[in-house]
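Asker: Can you keep this structure in mind? I'll have questions shortly.
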Amino acid sequence: MVLTNERIKERLQEKFGEAVGVFEEPYGMLTFTAAAEMNMKVMQFLFDDEELRFQFLTDLCAVHYPERIGEELAVVYHLHNLVDNVRIRFKAFIPVAHPDIFTATSLYEAANWMERETYDFYGVNFLGHPNLKRILNVEEMDYFPMRKEFPLEDQSRIDKDDEMFGRGGDLDYGNKRSENAATTINEADKDRTWQ
Amino acid sequence: MSLVEHHKNLPVGSIEKTTTTLNLGPTHPATHGVFQNILEVDGERIVDAEQTVGYIHRAFEKIAERRPLYQITPLTDRLNYCSSPINNMGWHMTCEKLLGISLPKRVEYLRVIIMELARIADHLICNSVVGVDTGAFTGFLYVMQYRELIYEIWEEVCGSRLTTNIGRIGGFERNFNDIAFRKLEKFLNEYPKVLKEFENLFNRNRIFMERTQGVGGIAAERALNYGFTGPNLRAAGVDYDVRVHSPYSSYEDFEFEVPVGKTGDVYDRFLVRNDEMWQSMNIIRQAYQKVQEFKGKDAEVFHADVPEYYLPEKKDVYTKMEALIYHFKIIMGETDIPVGEVYHSVEGGNGELGFYLISDGGRTPYRLHFRRPCFIYYQAYTELIKGSMLSDAIICMSSLNLIAGEMDG
C-alpha cells in the first residue's frame, strides 16, 4: 500500500490526538507541529511504527520567530522513510526564555552534531544530549548569533575604517572624524537634502 | 571508567599515562582541509578521537538572511567547492520550486550535463587523493588534466572555473557555444581511456587493496543512523540516491545504475565513486544526445520564459526597456516572492545536499538552512577509526571526501 500524507496524518492523530496539529502540505511535504514535550514520543512512534518507518533523520534545524510570543523558537525535523520514499517535516515550538527540548540522539546518532549546531546558533537546550557544546563558533562566544535580535551589520555604514575593502572612510584613514559625524547613510540623509 | 577515560583525565606530564595525545590538523597536509582531530593513541593504535570543526565557518545561513535570491548563489559555490555547479543548480532549483517555475527540457538536460561533469570532477579528486595518501601519486597528476578539461567546459559556459556561480533562476545565462560542445566531445572521447588506466592502476592493485580493504568500514544500519548519504552510504550497501528517489531536473529520463558496495570500507567507497564516474559518463552521453535532438528554434532555448525572475542578458538591458525594468527589479530585490517553505535536495558530490528555505514574502529568505552531507557524516569518524592504525585514519579521512567548506557552512 502506498503511504500517503493522509494516511500518515490519520495514524498520528489516532495515536497522539491533540498533541499534534496544524497539518499542512507546502509543496507536497506533510508538515505538522507537535507539542515540544512530545517531540521524542512522536519521533519514536514514527521510527518504530511498522507502517510509517521514518527511520532516517535528514535534517534538524531551528527557526526564530521573535513575534510569536511564548513560542519564539521552532525546532524543525525533516524525516525520511527510505522504503516508501516519503518525507515529512515536523516542528516543535519552544519559548526562547526556556528553550528546552528532548534530544534525538538516543534515536539518531546523526542528531548529535546537528543539535550541537542548533544549540550553537539558536541556544536550543537539548535535554539529555551527551556533549552539548558549541561546534562551529568559538567556545567563548556568549550569545546565539542566528537569533533575529542580531541583525547583520548595516552595509551602508560609513564610520568604519574599511577603505581597503571599498567602504567608507576618507583620506586620513578616519583619524580626524568629528564626534557628531553620521555613522550611517540613513543618518547622514536625515535632512533629506536629496529631495 | 574505561582505561581511555582514565588516561585522558590524568594531569599533563603524568608518569602513569601510557597513551599519547596527538593533534592531527588543523593544518596538517594530510587532512586536505582545515579541521582538527585530537587523537588519543596507544603506540600507533588509535584509542579515541575527537573532531573539531568550524575553522572556516563563514555564517552563510546568517548572511543569506539579508540577500536577495541571486546573491545567495555565490555563497553556495563555497560549500562543496569541488563541485560548485551542483550547489548552484540545487539552489536555483530550490528557488524555482518556491516560485513555481518549470523548465524547458533542453535546459534541464544541459543542467544534467554540467552537474554530472561536476560529479566526475568531485569523485576524481577524492579517489585520486585516496591514491596519494596510500602512496600512489601518479594517478592524481594524471587525472588532474581531465579535471582541467571539465573546468574549461565550465569556463566556456559561465566564465569561471572553481567557484562557478553558474546559471540563473530559470536556466543558464547564455547558450552553450560550439567550443563548449567540442570540449565536451573531447572529454567524452578521451576520459574513458584515462579512467580505465586509472582503474588499472588501483582497482586490482594488491598493495592498494591490502591497504584499503577492511579499513574504516561501517555497517548499513550504522551508516543510516549516522545520516550518511551519497557514495559513502552506497558503499555500505544502501542504494539511496536522490537522483533516483526524488528525481529533479529530468533525471527520470535517463537510464543509469546506482553502484553499491558491501562493507562500507575505504576500498568500497573507492569502487563506488569509481563506478559512479562511469555512470556519470553514461548519463552525460545520453543527455548530450538528447540535447542534439532539439532542432530549429528549440535548439536555441537555454532558459525558461520567466522575465520576473530570470536576470536578462546584458545586451537586452542596454537596448530594451522591459529588460531594463526587470534587471532593476531583480537586482534591487523588488520582485514578489511567494510566502512558503520548501525543502529541495540534490545528489551532491558527497550526498544529499538539501536546501530548506522559508520565505515570508520579503526580498530575502526568512531562514535558509543547508543540509550539508559532510558535516553530518563526519561525526561518525571517531567510530570509523577507533582501534585502527594512525595511517588508516588518514586514508579513511580522504576516502570520506571531507570538504571543509561544506562542513563549516
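Asker: Looking at segment A:148-160, is at least one residue within 14 Å of chain B (Cβ to nearest Cβ), exposed (fewer than 13 other Cβ atoms within 10 Å of the Cβ) and at pLDDT 90 or above?
Answerer: The answer is no; no qualifying residue exists.
Asker: Right, next: Just one of the numbered conditions (1) in the same structural domain as A:ALA19 (by TED's automatic domain parsing); (2) over 22 Å from A:THR4 (Cβ atoms); (3) surrounded by fewer than 17 Cβ atoms within 10 Å (Cβ to Cβ) is not true of A:ASN85; which one?
Answerer: (2)
Asker: Limited to segment B:28-43, what total is found for residues that are farther than 13 Å from B:ASN401 by Cα, surrounded by fewer than 17 Cβ atoms within 10 Å (Cβ to Cβ) and either at pLDDT 90 or above or in contact with a strand residue (DSSP E or B) (Cβ under 9 Å, 6 or more places away or on another chain) (or both)?
Answerer: 4
Asker: Another one. Got at least one residue in segment B:53-72 being away from chain A (no Cβ under 14 Å) and either of a type in the set (D, E, K, R) or touching a residue at least 12 places away in the same chain (Cβ under 8 Å) (or both)?
Answerer: Looking for residues that are away from chain A (no Cβ under 14 Å) and either of a type in the set (D, E, K, R) or touching a residue at least 12 places away in the same chain (Cβ under 8 Å) (or both), one finds at least one in segment B:53-72, hence yes.
Asker: Now for a different question. For segment B:348-372, give me each residue that is under 22 Å from B:LEU24 (Cβ atoms) and within 11 Å of chain A (Cβ to nearest Cβ).
Answerer: Once the filter is applied, which keeps residues that are under 22 Å from B:LEU24 (Cβ atoms) and within 11 Å of chain A (Cβ to nearest Cβ), segment B:348-372 yields only B:ARG372.
Asker: Something else about it: Go through segment A:9-22 and give me each residue that's crowded, with 16+ Cβ neighbours inside 10 Å and assigned to a strand (DSSP E or B).
Answerer: A:VAL20
Asker: While we're looking at this one, here's another question. List the residue pairs whose Cβ atoms are under 7 Å apart, where the first residue sits in segment B:196-211 and is free of Cβ contacts under 8 Å to residues at least 60 places away in the same chain, the second is of a type outside the set (A, V, I, L, M), and the two are 6 or more positions apart or on different chains.
Answerer: Filtered contacts from segment B:196-211: B:MET209/B:TYR267.
Asker: Do we find that B:GLU255 is more than 21 Å from the chain's Cα centre (by Cα), surrounded by 16 or more Cβ atoms within 10 Å (Cβ to Cβ) and of a type in the set (Asp, Glu) in this structure?
Answerer: no
Table: residues versus (1) at pLDDT 90 or above; (2) crowded, with 17+ Cβ neighbours inside 10 Å; (3) closer than 30 Å to B:VAL258 by Cβ; (4) among the β-branched types (Val, Ile, Thr).
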| position | (1), (2), (3), (4) |
| --- | --- |
| B:PRO312 | yes, yes, no, no |
| B:ASP316 | yes, no, no, no |
| B:THR319 | yes, no, no, yes |
| B:LEU324 | yes, no, no, no |
| B:PHE328 | yes, no, no, no |
| B:ILE331 | no, no, no, yes |
| B:SER345 | yes, yes, yes, no |
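Asker: Every residue in segment B:57-73 that is surrounded by 17 or more Cβ atoms within 10 Å (Cβ to Cβ) and under 20 Å from B:TYR310 (Cβ atoms), please.
Answerer: The answer is B:ARG67, B:PRO68, B:LEU69, B:TYR70, B:ILE72, B:THR73.
Asker: Identify the residue in segment B:211-245 that is among the polar types (S, T, N, Q) and within 12 Å of chain A (Cβ to nearest Cβ) and, among all such residues, is nearest to the chain's Cα centre (by Cα).
Answerer: Among those that are among the polar types (S, T, N, Q) and within 12 Å of chain A (Cβ to nearest Cβ), it is B:THR229.
Asker: Here's a check for you: in segment B:1-27, which residue that is modelled with pLDDT of 80 or more and among the aliphatic types (A, V, I, L, M) is surrounded by the most Cβ atoms within 10 Å (Cβ to Cβ)? Before you say what the answer is, go through the steps one by one.
Answerer: Quick first cut of segment B:1-27, residues modelled with pLDDT of 80 or more only: B:18-24, B:26-27.
Next cut, among the aliphatic types (A, V, I, L, M) only: B:22, B:24.
Numbers: B:LEU22: 13, B:LEU24: 20.
Residue satisfying both the conditions and the ranking: B:LEU24.
Asker: Considering every residue within segment B:319-340, establish whether at least one is away from every other protein chain (no Cβ under 14 Å) and of a type in the set (Phe, Trp, Tyr).
Answerer: Yes.
Asker: Next up: Could you run through segment B:373-403 and say how many residues are surrounded by 21 or more Cβ atoms within 10 Å (Cβ to Cβ), within 14 Å of chain A (Cβ to nearest Cβ) and over 20 Å from B:THR212 (Cβ atoms)?
Answerer: Qualifying residue count, segment B:373-403: 4.
Asker: Right, here's the next one. Given the criterion under 21 Å from the mean Cα position of the chain (by Cα), away from chain A (no Cβ under 14 Å), buried (at least 22 other Cβ atoms within 10 Å of the Cβ) and assigned to a loop (DSSP other than H, G, I, E, B), identify the matching residue among B:ASN127, B:ASN80. So that I can check it myself, show each step before the final result.
Answerer: Working: B:ASN127 fails: assigned to a loop (DSSP other than H, G, I, E, B).
Being under 21 Å from the mean Cα position of the chain (by Cα), away from chain A (no Cβ under 14 Å), buried (at least 22 other Cβ atoms within 10 Å of the Cβ) and assigned to a loop (DSSP other than H, G, I, E, B) holds for just one of B:ASN127, B:ASN80, which is B:ASN80.
The values are calculated or read from the model by the stated rules, or taken from the named source; none is laboratory data. All values derive from a computational prediction rather than experimental measurement. Note that we place each Cβ from the backbone using ideal geometry, even for glycine, and neighbour counts take in every protein chain shown.
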